[in-house]
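Taking it in order: structure first as structure tokens, then the write-up.
The values are calculated or read from the model by the stated rules, or taken from the named source; none is laboratory data. These figures come from a predicted structure and were not determined experimentally. We place every Cβ from the backbone using ideal geometry, glycine too, and count neighbours over all the protein chains shown. Heavy atoms of the whole protein, side chains included, go into the accessibility calculation; ligands, DNA and RNA do not. Shrake-Rupley method; radii C 1.70, N 1.55, O 1.52, S 1.80 Å.
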Amino acid sequence: MKRHIVSLLMVAALLSISCKKSQTDYPNILETKNGIDDLAGKKAFLPDSRKENIAKTKKSPLTSVALSRSTHDFGKIQKGKTVEHVYEIKNMGKNPLIISTIKPSCGCTVPKYTKEPIPPGKTGKISLSFDSSNFEGKIRKQAEVYANVVHLPIILSFTGEVVNQ
């Protein structure tokens with residue numbers, strides 16, 4: 001009987017030790033002071049590529065932006081057609097706006113954007129082209145925009161319905 005109790009205690013001790021995780025066990029935890037990736041005061045788990053994009057982008061002096069619209073509805077899209085929407089992004093800050101990269105949610109979406117720094121008060125363009133060849137029905141896609149702004153990433157999205165006519 002004592003042997004079973006000792007064995008159970010040893011197993012319980014091993015389980016409690018193996019279940020405790022420290023921050024070093026999760027290398028993708030990003031803690032921020034300004035809440036960019038801090039969700040309601042909790043630690044956010046981010047892929048390494050996203051952390052690298054954020055770190056690289058924030059090396060430039062920060063600015064602020066305004067979007068004409070961050071979403072677009074294409075309505076009905078004939079299957080096989082490629083559609084495109086242009087989003088306008090205005091630099092509202094005092095430093096040049098530098099868009100470093102745009103990461104679409106899938107390979108069906110191709111981004112193009114203003115590559116040169118956008119001066120304060122000026123407007124740049126971001127276009128997202130969607131190839132509907134492999135889709136049917138309702139779609140919702142998005143792209144993450146990385147630029148030298150406080151809140152990253154900037155999310156642009158579009159919706160539509162791919163129809164086979």
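Determine if the stretch 140-161 includes at least one residue that is of a type in the set (A, V, I, L, M, F, W, C) and over 17 Å from the mean Cα position of the chain (by Cα). No, that holds for no residue.
Screening 128, 152, 97, 156 for residues that are touching a helix residue (DSSP H, G or I) at 6+ places or on another chain (Cβ under 6 Å) and surrounded by 14 or more Cβ atoms within 10 Å (Cβ to Cβ) leaves exactly one candidate, 152. Close contacts from the stretch 152-165, counting a first residue that is closer than 16 Å to residue 85 by Cα and a second that is among the hydroxyl-bearing types (Ser, Thr, Tyr) and open to solvent by 10 Å² or more (accessible area, probe 1.4 Å), with Cβ to Cβ under 7 Å and a gap of 6+ residues or different chains, come to 155/70; 156/70; 157/70; 157/71; 158/71. Scanning the stretch 110-124 for residues that are open to solvent by less than 40 Å² (accessible area, probe 1.4 Å) and touching an Asp or Glu at 6+ places or on another chain (Cβ under 8 Å) yields a single hit, 124. Considering only residues in the stretch 131-141 that are open to solvent by 40 Å² or more (accessible area, probe 1.4 Å) and of a type in the set (S, T, N, Q), the one that is farthest from residue 86 (Cα to Cα) turns out to be 134. For the stretch 72-94, a tally of residues being more than 30 Å from residue 62 (Cβ to Cβ) and open to solvent by 60 Å² or more (accessible area, probe 1.4 Å) returns 6.
When the criteria are applied in full, residue 145 meets the requirement of being surrounded by 15 or more Cβ atoms within 10 Å (Cβ to Cβ) and under 19 Å from residue 59 (Cβ atoms). Of all residues in the stretch 77-119, those that are charged (D, E, K, R) and under 13 Å from residue 154 (Cβ atoms) total 3.
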